[in-house]
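To keep things clear, I will list the structure first and then write my remarks on it.
The values are calculated or read from the model by the stated rules, or taken from the named source; none is laboratory data. Bear in mind the structure is a predicted one, so any value in this text is a computation, not a measurement. Here Cβ is always computed from backbone atoms with ideal geometry, including for glycine, and neighbour counts include all displayed protein chains.
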Amino acid sequence: MSFTKTTEQDSNYNHLERMSVSELLQNINNEDKTVPNAVERALPQIEALVHHIVDRLKIGGRLFYLGAGTSGRLGIVDASECPPTFGVSHELVIGLIAGGDSAIREAVEFAEDSTTQGWKDLQDYNIHQNDVVVGIAASGTTPYVISALQKCNENHITTGCIVCNENSPLSQTAQFPIEVVVGPEFVTGSSRMKAGTAQKLTLNMITTSTMIQLGHVKGNKMVDMQLSNNKLVDRGTKMIMNEIEVSEAVASELLSKYKSVRNAIKNYTDGRS
């Protein structure tokens, strides 16, 4: 299969330094508008991976995101938002980045070029056959990610990927590849832009649809969310008020007693039946 790095192709625009701020913003926005369409074309691939993730998590598996640079950071952000949003364990969705936690804030030179560290990082979590590992790399050529997925395949661990080029080495390695081809970046090669946006949208889809399938949303509400600040406590109180038609005072008391929206609604409903 032929492989072209569209993420590295020359920008559709030139002489960016001559553009006004207004022109820069408008042209960046014009490029960003193409990203949802690219994600839409990849929906069948996303669906195939989500089905498998749900199946694995139902039998005790975990979801791992593995990436370098922007891709790694996006995976960590998505993983870190699952516990407060859906009330799941921090061990259910885990984001790993080449270079370790220090690479979240600062680039670690050549970390993404290691062909052994990705698998070592996964082994630190006692990776097993019920788990799913999703490699994230805009180019689809990151050695840290490719080599880790190869070892996963050898050990019968399900692999997926999110890339922004067709027929990349990573796509050919993953069992469930997702290819969101966004084309050249506004600033040539700056894959933190359209490619990063495409990866973020895809990650949102994967975890949100998975958590809904696992029962962590009721109606359209985050009934298992962690009550970690006043805003969320207020939101939870209103959710209880609307669901079981009680006063704010009663809803607040229920939430304080049962510590979650789901438990508050269930115990109140059970008590009245």
Please name all residue pairs, on different chains or six or more residues apart, with Cβ atoms under 9 Å, provided the first residue is in region 10-24 and is over 14 Å from GLY189 (Cβ atoms) and the second residue is among the hydroxyl-bearing types (Ser, Thr, Tyr).
-> MET19/TYR13
Kindly list the number of the only condition in (1) in contact with a Ser or Thr (Cβ under 7 Å, 6 or more places away or on another chain); (2) charged (D, E, K, R); (3) surrounded by fewer than 24 Cβ atoms within 10 Å (Cβ to Cβ) that fails for ARG105.
-> (1)
Working only within region 19-37, note down all residues that are in contact with a Lys or Arg (Cβ under 8 Å, 6 or more places away or on another chain) and closer than 29 Å to LEU214 by Cβ.
-> VAL35
Mind telling me which of the residues GLU166, GLU179 ends up being in the same structural domain as ASP113 (by TED's automatic domain parsing), within 17 Å of GLU8 (Cβ to Cβ) and touching a Phe, Trp or Tyr at 6+ places or on another chain (Cβ under 9 Å)?
-> GLU166
Is there a residue in region 233-246 that is part of a loop (DSSP other than H, G, I, E, B) and more than 22 Å from ILE53 (Cβ to Cβ)?
-> yes
Could you grab the pairs with beta carbons closer than 7 Å, sequence gap of 6+ or different chains, first residue in region 106-129 and outside the structural domain of TYR144 (by TED's automatic domain parsing), second one assigned to a loop (DSSP other than H, G, I, E, B)?
-> none
Among ARG56, ARG41, which is basic (Lys, Arg), more than 30 Å from SER260 (Cα to Cα) and out of contact with any helix residue (DSSP H, G or I) (no Cβ under 9 Å at 6 or more places or on another chain)?
-> ARG41
Considering only helices (runs of 4 or more DSSP H) fully contained in region 141-218, which possess at least 3 residues that are surrounded by 24 or more Cβ atoms within 10 Å (Cβ to Cβ) and touching a residue at least 12 places away in the same chain (Cβ under 8 Å)?
-> 143-154, 194-213
Filter result for LEU254 (part of a loop (DSSP other than H, G, I, E, B), without any contact (Cβ under 8 Å) to a residue 40 or more places away in the chain, among the aliphatic types (A, V, I, L, M) and in contact with a helix residue (DSSP H, G or I) (Cβ under 6 Å, 6 or more places away or on another chain)) = no
Residues of region 43-77 being over 25 Å from THR141 (Cβ atoms) and of a type in the set (Lys, Arg), which ones?
-> ARG56, LYS58, ARG62
Taking the stated definitions as given, is THR202 polar (S, T, N, Q), in contact with a Cys (Cβ under 7 Å, 6 or more places away or on another chain) and modelled with pLDDT of 90 or more?
-> no
Residues satisfying the stated conditions in region 224-273, i.e. of a type in the set (D, E, K, R), more than 24 Å from CYS82 (Cβ to Cβ) and loosely packed, with under 12 Cβ neighbours inside 10 Å | GLU245, LYS257, ASP270, ARG272
Restricted to region 82-130 and to residues being at pLDDT 95 or above and of a type in the set (D, E, K, R), the residue nearest to the chain's Cα centre (by Cα) is GLU91
